[in-house]
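Contents: one structure, followed by commentary.
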Amino acid sequence: MTDPISTRKHGDVLIVLSNNPPVNALSAAVRQGLVDAIDAAEADEAVKAVVIACEGQTFFAGADITEFGKPPVMPWLPMVVDRIETCAKPVVAAIHGTALGGGLEIALGCHYRVAVPDAKLGTPEVKLGLLPGAGGTQRLPRVAGVPKALQMCATGSPIGAKEAFDCGLVDRLVEGDLVPHAVAYAEEVRDTRPLPVSSERQDRIAAADPAMFDEFRKANGRKFRGFDAPEANIRAVKIATEKPFVEGVIEERKLFMELMGGGQARAQQYFFFAERKAAKIEGLAEVVVPRDIRKVGIIGAGTMGGGISINFLSAGIPVTIVEMGQEALDRGAGVIAKNYQASAAKGRFTAEQVEKAMGLLSPTLDFQALADCDLVIEAVYENMDVKKEVFGRLDKIAKPGAVLASNTSYLNVDEIAASTSRPQDVLGLHFFSPANVMKLLEVVRGAQTAPDVLLTAMRLAKKIRKVAVVAGVCHGFIGNRILMPRQVEAMKLLLEGATPSQVDRVHVEFGMPMGPFQMADLAGVDIGWHRDPSRIESLRDALCAIERWGQKKGAGFYDYDEKRRPSPSPVVQDIIEKFAAEKNVERREISDDEIVERTLYPMVNEGAKILEEGMAQRASDIDVVWVYGYGWPVYRGGPMHWADSVGLQTIVDGLKRQQERMQPDFSFSQLLLDKAAKGEKFTR
Ligand code: CAA
């Protein structure tokens, strides 16, 4: 392997260049190369200053995450940062792309930082369940100020170069060719002594208000719930304001090691790679070329159609949206406009961006207007006959080679495709509601979907900033299929003696954003209901019959006040008890453990069935679906990773214990049984 670090001289400045694609991760070879280069610079009398820069798309994007969990290889990152900082000659970091994690720590070790305006700087370690462990939590507050460091470390969100300049993290912003500018800067500072050493600075931490930490915790309580790493980051930054640097880094290391040894960091690091793996299509020939998507058509201007449109408009792709009636069309276009205005008010878009996006929208009643679209997404009522009719019509007018997609959440994509003369161009694009917010996109591959159509969808997903997962054709695809056994068991548990709030509490304590009944009330208890109040076959039918349709009616599994605050409902309790009596269900005390075994373990079993049927490409894709589509806590990695961490035999034993009580058509996944018996895991 060629050495990733090279050096060249420009006058009396030594330029140290890293070339370690794709993101200049700080692998062992890079770390060693940096130390060697600094040693060489110090030893060479002719060198008066050093510039550290990177080739390729980015400055160092962090530690090499693939090295985590393996035996450490020297020199380790804290030593490298210290070595740069103690260099007797000025060292300038030249930042483009992203200076993240260990990359930012390298930059903090440098005496000066120069950046291009579109560079980003951040400490995303918290998203990997960690903290910046090479002195970053101690240096960053000393350079950027405590509030900024606190926000960056605990949330992991990067800041732009301009913001970094304003807070003192970047010393100079330069337009154009970065390295020559950095060299010029190095020449300006070559004789400056003493050098500004980040770890020695006191000016930015001296007046830190200790109350800010609790205020920050309080303001972010909801966001940080269940996570270990944000609190460790807060504590580490606070230590920087209380202790000398040398003591601070010892404490930082202790906190880092605690996090690194924990399950959350393992899960979050696993998930980092799971998310990236999801974009890859197994067995795709290299010669496959995606189709060009320059214009998108959306059929249906309802909540889904409108939300889907926003994704494309924001990515600069023109959208033609079609409705049947003027009123529905106006309402739909109005909702899109309102949505943009609300985002602009929150500072997410400028007025010009909103104007530009809205300028790309063409609302019309003319179905024929879809004729020149490269991709048409159907987002009409969830009914097979309606969808077939729409696709039949679309088939007659769409241009050859157009990709035809259905936003169905359950229906058979092959059957929909069969209503066209070009099933190879048809696939499912299952967006999650609200479609402009939720990151997940299930890309449903039909039996005849052409490889280039699938690739087109996966590439396009990235363009509109979605995380796409390939799913096969089965009822509910990956996400909703796994949801079903959970909902069924949750409902059964109510009859057997649990309350909606108990079941929901167990799920929220597990880390889900809400429990099954809170979710049903939010989404609408009446979704998919047969609409016949006299036909009461389930608890849900009983609630729907008296219009307890959820939050929108002020009543569902819970009662709601005018501010939509829920409280347990005596009416629902009464219905549950009556229903249980009618069905001869014996009521008893239900333990929280049983709720976990009855509602979460069957999800793992269903995930295993999805895998054995080939409906998901890999177990980690199932985890990506559940984390991004349903809010499964990322610190538990997703249902399949979680099952691995609990132990598959534990899952099997729990299901066996509960089997008699579960819905009669429950059956074990053979894959789950086999893997448990062999002591294997779903994920690595
Ligand atoms: N280590 C190893 N591999 C990495 C990596 C890292 N830090 N960051 C990215 N990669 C890999 C990805 O897995 C991907 O590999 P494949 O092509 O084989 O899938 C490839 O680089 C490209 O990554 P993306 O697809 O994410 O590319 P992008 O252009 O969309 O995004 C990025 C680039 C913004 C740098 C993004 O990759 C990213 O956010 N990376 C992680 C940054 C991070 O978390 N750094 C902190 C690491 S922890 C640390 O540094 C502190 C410490 O000491 C513990």
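The values are calculated or read from the model by the stated rules, or taken from the named source; none is laboratory data. It should be emphasised that the depicted structure is a prediction, and the values quoted were computed from it without experimental measurement. All Cβ positions, glycine included, derive from the backbone under ideal geometry; neighbour counts span all protein chains shown. Side chains are part of the model used for accessible areas, which takes the heavy atoms of the whole protein and leaves out ligands, DNA and RNA. Shrake-Rupley method; radii C 1.70, N 1.55, O 1.52, S 1.80 Å.
Name every residue in region 551-566 that is out of contact with any Ser or Thr (no Cβ under 9 Å at 6 or more places or on another chain) and on the phi < 0 side of the Ramachandran plot, in order of residue number. Even if it seems obvious, please write down each step before you answer.
Going through region 551-566, the residues out of contact with any Ser or Thr (no Cβ under 9 Å at 6 or more places or on another chain) turn out to be 551-554, 562-565.
Passing the criteria: GLN551, LYS552, LYS553, GLU562, LYS563, ARG565.
Among (1) within 12 Å of the ligand (Cβ to nearest atom); (2) in a loop (DSSP other than H, G, I, E, B), there is one condition PHE272 misses while meeting the rest; what is its number?
It is condition (2) that PHE272 fails.
Can you name the residue in region 124-137 that is assigned to a helix (DSSP H, G or I) and near the ligand (Cβ under 10 Å from one of its atoms) and is also farthest from the chain's Cα centre (by Cα) among such residues?
Selected residue: GLY136.
Does region 82-96 contain any residue that is in the same structural domain as ALA182 (by TED's automatic domain parsing), within 14 Å of the ligand (Cβ to nearest atom) and assigned to a loop (DSSP other than H, G, I, E, B)?
Step one: filter region 82-96 for residues in the same structural domain as ALA182 (by TED's automatic domain parsing), giving 82-96.
Of the ones still in play, those that are also within 14 Å of the ligand (Cβ to nearest atom) are 82, 95-96.
So of that shortlist, the ones also assigned to a loop (DSSP other than H, G, I, E, B) come out as 96.
Yes - at least one qualifying residue is present in region 82-96.
If I ask for residues that are within 22 Å of LYS223 (Cβ to Cβ) and open to solvent by 10 Å² or more (accessible area, probe 1.4 Å), which ones from region 611-628 would you list?
Residues satisfying the conditions are VAL627, TYR628.
Out of curiosity, is LYS148 within 16 Å of the ligand (Cβ to nearest atom) and open to solvent by 10 Å² or more (accessible area, probe 1.4 Å)?
no
Looking at LEU108, LEU121 in this structure, which one is within 14 Å of the ligand (Cβ to nearest atom), hydrophobic (A, V, I, L, M, F, W, C), surrounded by 24 or more Cβ atoms within 10 Å (Cβ to Cβ) and in a strand (DSSP E or B)? Can you show your working first?
On the way: LEU108 fails: in a strand (DSSP E or B).
Step by step, each of LEU108, LEU121 is checked, and only LEU121 is within 14 Å of the ligand (Cβ to nearest atom), hydrophobic (A, V, I, L, M, F, W, C), surrounded by 24 or more Cβ atoms within 10 Å (Cβ to Cβ) and in a strand (DSSP E or B).
With (1) in contact (Cβ under 8 Å) with a residue 40 or more places away in the chain; (2) in a helix (DSSP H, G or I) as the list, and ARG588 as the residue in question, which single condition is left unmet?
It is condition (2) that ARG588 fails.
It is to be established whether one or more residues within region 278-289 are at pLDDT 95 or above, over 30 Å from ALA333 (Cβ atoms) and in a helix (DSSP H, G or I).
Yes.
Looking only at region 16-38, filter to residues that are more than 15 Å from LEU77 (Cα to Cα) and not hydrophobic (A, V, I, L, M, F, W, C); which one of those is least open to solvent (accessible area, probe 1.4 Å)?
In this case the residue turns out to be SER18.
Can you tell which of GLU252, GLU286, GLU282 is within 16 Å of the ligand (Cβ to nearest atom), open to solvent by 80 Å² or more (accessible area, probe 1.4 Å) and within 30 Å of GLY638 (Cα to Cα)?
Details: GLU252 fails: open to solvent by 80 Å² or more (accessible area, probe 1.4 Å); GLU286 fails: within 30 Å of GLY638 (Cα to Cα).
None of the others qualify; the one that does is GLU282.
Can you tell me which condition ALA608 does not meet? The list is (1) over 16 Å from VAL488 (Cβ atoms); (2) of a type outside the set (Lys, Arg); (3) open to solvent by 10 Å² or more (accessible area, probe 1.4 Å), and all the others hold.
Unmet for ALA608, out of (1) over 16 Å from VAL488 (Cβ atoms); (2) of a type outside the set (Lys, Arg); (3) open to solvent by 10 Å² or more (accessible area, probe 1.4 Å): (3).
SER567 - would you say it is touching a Pro at 6+ places or on another chain (Cβ under 7 Å) and open to solvent by 20 Å² or more (accessible area, probe 1.4 Å)?
Details: touching a Pro at 6+ places or on another chain (Cβ under 7 Å): no; open to solvent by 20 Å² or more (accessible area, probe 1.4 Å): yes.
Taking the combined requirement at face value, the residue does not satisfy it.
What pairs can you find where one residue is in region 196-221 and in the same structural domain as ILE84 (by TED's automatic domain parsing), the other is among the polar types (S, T, N, Q) and at pLDDT 95 or above, and their Cβ atoms are less than 7 Å apart, with a gap of 6+ or different chains?
Correct list of pairs: SER199/GLN138; ILE205/THR241; ALA208/THR241.
Pick out the one residue from LEU454, LEU493 that is surrounded by 21 or more Cβ atoms within 10 Å (Cβ to Cβ), among the aliphatic types (A, V, I, L, M) and more than 30 Å from GLY283 (Cα to Cα). Full working, then the answer.
Details: LEU454 fails: more than 30 Å from GLY283 (Cα to Cα).
Criteria check complete, one pass: LEU493.
Scan region 417-444 for residues that are among the charged types (D, E, K, R) and surrounded by fewer than 21 Cβ atoms within 10 Å (Cβ to Cβ) and jot them down.
Matches in region 417-444: ARG422, LYS439.
Go through GLU442, GLU509, GLU547 for me and flag whichever is more than 24 Å from GLN663 (Cα to Cα) and touching a His at 6+ places or on another chain (Cβ under 6 Å).
Of the residues listed, the single one that is more than 24 Å from GLN663 (Cα to Cα) and touching a His at 6+ places or on another chain (Cβ under 6 Å) is GLU442.
Could you please find all residues in region 652-684 being farther than 24 Å from LEU440 by Cβ and β-branched (Val, Ile, Thr)?
Of everything in region 652-684, just one residue is farther than 24 Å from LEU440 by Cβ and β-branched (Val, Ile, Thr), namely VAL652.
So which strands (runs of 3 or more DSSP E) are wholly in region 408-511 and hold at least 2 residues that are of a type in the set (A, V, I, L, M), in contact with a Pro (Cβ under 7 Å, 6 or more places away or on another chain) and at pLDDT below 95? Reasoning before the result, please.
Working: elements: 426-431, 440-444, 467-471.
No strands (runs of 3 or more DSSP E) qualify here.
β-branched (Val, Ile, Thr), under 23 Å from the mean Cα position of the chain (by Cα) and either away from the ligand (no atom under 16 Å from the Cβ) or open to solvent by 10 Å² or more (accessible area, probe 1.4 Å) (or both), is that true of THR155?
yes
Answer yes or no: is there a residue in region 660-669 that is open to solvent by less than 20 Å² (accessible area, probe 1.4 Å) and farther than 13 Å from VAL604 by Cα.
The answer is yes, given that some residue of region 660-669 is open to solvent by less than 20 Å² (accessible area, probe 1.4 Å) and farther than 13 Å from VAL604 by Cα.
Return yes when THR303 is open to solvent by 60 Å² or more (accessible area, probe 1.4 Å), in the same structural domain as ALA379 (by TED's automatic domain parsing) and more than 16 Å from the ligand (Cβ to nearest atom) and no when it is not.
yes
Search region 67-80 for residues that are more than 18 Å from ARG684 (Cβ to Cβ) and pair each with any residue that is more than 8 Å from the ligand (Cβ to nearest atom) and in a loop (DSSP other than H, G, I, E, B) when their beta-carbon atoms are under 8 Å apart and the residues are at least 6 apart or on different chains.
PRO78/GLY135
So, in region 60-82, of the ones that are among the charged types (D, E, K, R) and more than 17 Å from THR137 (Cβ to Cβ), which residue ends up surrounded by the most Cβ atoms within 10 Å (Cβ to Cβ)?
In this case the residue turns out to be ASP64.
Assuming GLY129 fulfils every condition listed in (1) open to solvent by 10 Å² or more (accessible area, probe 1.4 Å); (2) touching a Phe, Trp or Tyr at 6+ places or on another chain (Cβ under 7 Å); (3) small (Gly, Ala, Ser) apart from one, which condition is it?
Of the numbered conditions (1) open to solvent by 10 Å² or more (accessible area, probe 1.4 Å); (2) touching a Phe, Trp or Tyr at 6+ places or on another chain (Cβ under 7 Å); (3) small (Gly, Ala, Ser), the odd one out for GLY129 is (1).
Looking at the structure I just gave you, is GLN269 open to solvent by 80 Å² or more (accessible area, probe 1.4 Å) and over 18 Å from SER433 (Cα atoms)? Steps first, please.
Numbers: open to solvent by 80 Å² or more (accessible area, probe 1.4 Å): no; over 18 Å from SER433 (Cα atoms): yes.
Here the answer is no, as GLN269 does not meet what is asked.
For region 39-55, does any single residue satisfy the condition of being in a loop (DSSP other than H, G, I, E, B), within 11 Å of the ligand (Cβ to nearest atom) and open to solvent by 20 Å² or more (accessible area, probe 1.4 Å)?
no
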